[in-house]
Structure formats: C-alpha cells, structure tokens
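K.L.:
Next up is a structure, given as structure tokens.
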Amino acid sequence: MSLSRRGVVLLAASALLMAGCGGGGGSTGAAPESSANAKVTIEWWNISTSEPLKSFWANKVKEYQAAHPNVTIKNVPIENEAFKAKLSTVTQSGKTPDIYTTWGGGVLKQQVDAGLVKDLSSEAATWLADFTPAALSAYQFDSKTYAVPSDIGMVGFWYNKKLFSQAGITEPPATWTAFLDAVKKLKAAGVTPIALAGKEKWPGHYYWAYLAMRIAGLDALKQAAVDDDFNKPDFVAAGAKLKELADLQPFQKGYLGAGYGTNDGQAAIMGNGKAAMELMGQWAPTVQKDTGKGLGDDLGFFPFPAVEGGKGNIADAFGGGGGYAVGVNAPPAAVDFLKFLSSADIHKQTVETGAVLPVLKGEESVVKDPNLSIVAKQLAAATGFQLYLDQAYPPAVGQEVNDSVAALIAGQKTPEQVADAITQVAKSE
C-alpha cells in the first residue's frame, strides 16, 4: 500500500522489538562525522511494512550503501499505528530517529516547535525546487521546509459505474444538489448509496472537511487554525449540508459499528459491489481488492462536488501523503540519503511500483493505473490543497473534528454543536 497516513493494519512489524531509537534528538544514534570518510549510521523509521515498498526500499538502501561504503542505513519498517505510538514516545523524551516518516501538519509543527526537526530550506534548496507545491505544502511553516515528500494523494468519491447505471445516473454529480439527487436515485433503485466506516470516525470527517472547503474556502480553514474559531456561519453551514446527507440515511446497515479495512468494513462493502460510493483516498482501489473482490473496470472516480454559492473551487484538493523529516542532530549523510531517494530516477521507480503517486514536477505520465492516473492529474492541476484536518490541526483539535462529525452523522450533535465543540478544544490548546 501507499505511504498514506491511513495505512490499513496489515502486518505487525517485528521491528518493534528493535533496540532504542537513534540519532536526531540526541540518543544512541549516529555520532557526528569527524571527517569526510568517518563511519556513520543513519537510522530510518518508515511505515513500509508491506509489498511492494518493503522490498523496494531494502534494495535502495543496498544501492546507497554500495556507493557510500562509510554509511550504514539502519532500515526500520514499523506498522502505521505502532509507528505513531512509538514516535510519540521518543519525541516526548526529546529524541527522534535520524530520518522518520511524517504526514506534516500539526504533529510535525509541534515537533518543529520543540526543536527536534532539521530545517531543510537551505541545505536541500536546489532539489526541493523539483517538488510540486501541493506535495510540499504540508511540511512548510513560516516559509521554511521541514520534510521531504515521498507520496501525495487526494480524497474523492470512488464509485461503482454499474450501480450508477442501474439507478439511471448518467454522469458523476458535479454539484451538492446533484449529489443528493444521485443518493435518492440509488436508494429508489434499491442500492445502498454510500459505504462508511462509522466506527473509525476519520472517514466521516472527510465529508465535513470537504463541505467546509467548498462553502468557506481554503483561506477560511487556514484562518481557523490561527484564530481558533470554527463558529463562523460557513462552518455551521458545512455541518448543515452534511446533516442533509445523513438525514437521507445513505449508509449501509450497521455503519456505526463498521471498520474500514476489515473483511466486513467500508472498503470490502465497496469492493464487493454492495454500495455505490465511498469517499476515500487514492489507496481505496487497493484496499477494496485486498478486503473484497475489487470492481475492476466498474470502478470510477470523481472529485467532491461543488456547493452552489460556496467560496471554494471544485479543483481545490483535500488529502495528504507521506514524507520524511530529519532529526535536528542527524549527520549530513541523512540529508544526502534523502536526496538520493528523492532523485528523479529513484522516485520514478517508486511511482512505477504503483504504491505512491507523483510528488515531483512532471511525473504524472509515469502513473499507469487508469484510476490513479486520474487522481494524479487532478492533483497536478489542483488550484489549492488542504491537508486532512486531523493532521493539519493540533492532535486534540483533529480528534475533536473526528468525534464531533461522527456524532453529527449519528444524529447526536447539531451543526452548531459541532462547530462550538471544535472551537472550544482549539482555544484550549
């Protein structure tokens, strides 16, 4: 699977048994180089525990070490959720690995503010210019860059063309009104319109976030991160639009207890043709196939609809990706290794595995999968980019977004209560 922030729990990493963390924050990692030929060890924590990336990165480590015999790369793949927990523990003690996976946003900003992350703006300036603005945006604060992108993606609607046709829907809806109409047509045809992992909450926040983007616009979401105010009318309106959808009862039976990547979860329901749509990231086709049958040529993709009268642009994308930050005390070889991984030739090979999407300018043509190609081209043409709200904002705020939106969908909170709850947590941070 891709290096997305949403890595489904596929493998338990034996790497958790490893010895203590090295490098960046000043623990048992690499010693400073005393000369150009000094032996140095770089500890690299990543979440590539499944194929094809697990083997791909292992081979690239061998290539780099062969060309740099004085450098040892300690490659440490850790399963997604276990990685987050382990990294949180070591950063709280003032340490980091030399290189580690990051999704940017509020979590990375906290690490930057704690003085744990190297500012790459000058040291990597010549090759940072090769990345697309959308790919870099999650890792930039105050005009400085603190991580290197390795993957990017966007959330949109994956849909079943056959079920759309059965319901008489001739084209994907481009407006919210048309979207609600499509939901009604699907229900009338006896088709479950939308699969949702209500138990896990984060998939539900996509709806509120996108509606806020389409109604209030990107600048309003960025301003909310500054003034901690989500009580503005446009944010309440986003909740009201989502309530319109929830009131149509568009989700599968038992959705409140459904997981995402389980054999009876959101992805499987979609992959087995039991629902017409899911709002999900670029990894969706892979998980649909892993947990269900997969839809093959019946699978299509369309961007989240525009909201009539809204300030946002339908070409504004919402999503995220994966990148790598460098610990503030990591040796120079850590940045050089990232330069190697980010070179046009190596990253092209990474994209060709089908596990990640382009982050370098002009890479879109490398994507061969037709659905992922659509996503890549939409990202390349995006007029703006918003990181997942539970990554863009401080962790407690992101969690409140997830919790409150889940309560709204379940009919337990009003749009006004959602906006107020998020505001209260934001102001307390």
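K.L.:
Any idea of the accessible area per residue across region 334-373, 1.4 Å probe, to the nearest Å²? Can you show the working numbers first?
P.N.:
On the way: 1630 Å² over 40 residues.
Using a 1.4 Å probe on heavy atoms only, each residue of region 334-373 averages 41 Å².
K.L.:
Find the relative contact order for region 91-153 and round it to a whole percent, using C-alpha pairs within less than 8 Å whose residues are 6+ positions apart.
P.N.:
Working: 49 pairs, mean separation 21.5, N = 63.
Normalised by residue count, the contact order of region 91-153 is 34 percent.
K.L.:
While we're on this one: Once both labels are modelled 7 Å past Cα along the beta-carbon direction, what's the SER122-ASP181 spacing in nm?
P.N.:
Spacing of the two 7 Å Cα→Cβ label points: 5.8 nm.
K.L.:
Moving to a separate point now. Report the far tail of the P(r) of region 154-229, meaning the percent of Cα-Cα pairs longer than 22 Å.
P.N.:
Working: 1064 of 2850 pairs.
Summing the P(r) of region 154-229 above 22 Å gives 37 percent of all pairs.
K.L.:
Further question: If I compute solvent accessible area with a 1.4 Å probe over the protein chains, what percent of it on the chain is carbon and sulfur? It would help to have the intermediate numbers written out before the result.
P.N.:
Working: 8680 of 16900 Å².
Carbon-and-sulfur percentage of accessible area, whole number: 51.
K.L.:
Kindly give the semi-axes, whole Å and largest first, of the ellipsoid equivalent to the chain, taking each as the square root of 5 times a Cα gyration tensor eigenvalue. Walk me through the intermediate numbers first.
P.N.:
On the way: eigenvalues 279, 112, 73 Å².
After scaling each eigenvalue by five and taking roots: 37, 24, 19 Å.
K.L.:
Under the classification rounded if a/c is under 1.5, otherwise prolate if a/b is larger than b/c and oblate if not, where does region 381-429 fall, given a ≥ b ≥ c as square roots of the Cα gyration tensor eigenvalues?
P.N.:
On the way: a/c = 2.31, a/b = 1.42, b/c = 1.62.
Because a/c hits 1.5 or more and a/b fails to exceed b/c, region 381-429 counts as oblate.
K.L.:
Probe 1.4 Å, all protein chains in place: accessible area of ASP227 in Å², nearest 10?
P.N.:
The accessible area of ASP227 comes to roughly 50 Å².
K.L.:
Per residue, how much accessible area does region 229-315 show when a 1.4 Å probe rolls over the protein heavy atoms, in square angstrom? Show your work: numbers first, answer last.
P.N.:
Numbers: 3600 Å² over 87 residues.
Using a 1.4 Å probe on heavy atoms only, each residue of region 229-315 averages 41 Å².
K.L.:
Using a 1.4 angstrom probe and counting only protein chains, how large is the accessible area of TRP103 in Å², to 10?
P.N.:
Roll a 1.4 Å probe over it and TRP103 shows about 20 Å².
K.L.:
Helix 233-247 versus the longest principal axis of the chain: what is the Cα-based angle in degrees, 0 to 90, to the nearest 10?
P.N.:
The angle comes out near 60 degrees.
K.L.:
Same structure again: Under 18 Å from a point 7 Å along the Cα-to-Cβ line of ALA114: which residues of region 375-402 have their amide N that close?
P.N.:
Answer for region 375-402: 391-399.
K.L.:
Roughly how tilted is helix 415-428, in degrees to the nearest 10 and between 0 and 90, from the longest Cα axis of the chain?
P.N.:
20
K.L.:
If you fit an axis through the alpha-carbon atoms of helix 202-216 and take the longest principal axis of the Cα set of the chain, what angle between them do you get, 0 to 90°, nearest 10?
P.N.:
80
K.L.:
Over region 242-303, what lengths in whole Å, largest first, do the semi-axes of the equivalent ellipsoid take, defined as the square roots of 5 times the eigenvalues of the alpha-carbon gyration tensor?
P.N.:
Working: eigenvalues 76, 41, 20 Å².
Result for region 242-303: semi-axes of 20, 14, 10 Å.
K.L.:
Quick one: putting +1 on the C-beta of Lys and Arg, -1 on the C-beta of Asp and Glu, what dipole do you get for region 40-198 around its Cα centre, in Debye to the nearest 20? Each step should come with its number before you reach the end.
P.N.:
On the way: 15 positive and 14 negative charges, 115 e Å.
The calculated dipole for region 40-198 is roughly 560 debye.
K.L.:
Still on this model: I need the calculated FRET efficiency for the pair THR72 and ASP369, taking r as the beta carbon distance and R₀ as 45 Å, to the nearest 0.05. All intermediate terms of the calculation are to be shown ahead of the outcome.
P.N.:
On the way: r = 35 Å, r/R0 = 0.79.
Computed FRET efficiency for THR72 and ASP369 comes out at 0.80.
K.L.:
Per residue, how much accessible area does region 45-158 have with a 1.4 Å probe, in Å²? All intermediate terms of the calculation are to be shown ahead of the outcome.
P.N.:
On the way: 4260 Å² over 114 residues.
That works out to 37 Å² for each residue.
K.L.:
Okay, next question. Give, in nm to one decimal, the length gained when the segment between ASN59 and GLN412 is fully stretched (0.36 nm per residue of separation minus the Cα-Cα distance).
P.N.:
Numbers: separation 353, 0.36 × 353 = 127.08 nm, distance 5.05 nm.
The ASN59-GLN412 span can extend by a further 122.0 nm.
K.L.:
How much length, in nm to one decimal, is gained on full extension between GLN349 and LEU248, taken as 0.36 nm per residue of separation minus their Cα-Cα distance? List each step's numbers first, then the result.
P.N.:
Working: separation 101, 0.36 × 101 = 36.36 nm, distance 4.48 nm.
Value of the extension gain: 31.9 nm.
The values are calculated or read from the model by the stated rules, or taken from the named source; none is laboratory data. Note that this is a predicted model, so its numbers are computed, not measured. Don't worry about glycine lacking a Cβ; one is built from the backbone with ideal geometry, like all the others, and counts go over all protein chains shown. Surface areas here come from the heavy atoms of the whole protein model, side chains and all, with no ligands, DNA or RNA. Shrake-Rupley method; radii C 1.70, N 1.55, O 1.52, S 1.80 Å.
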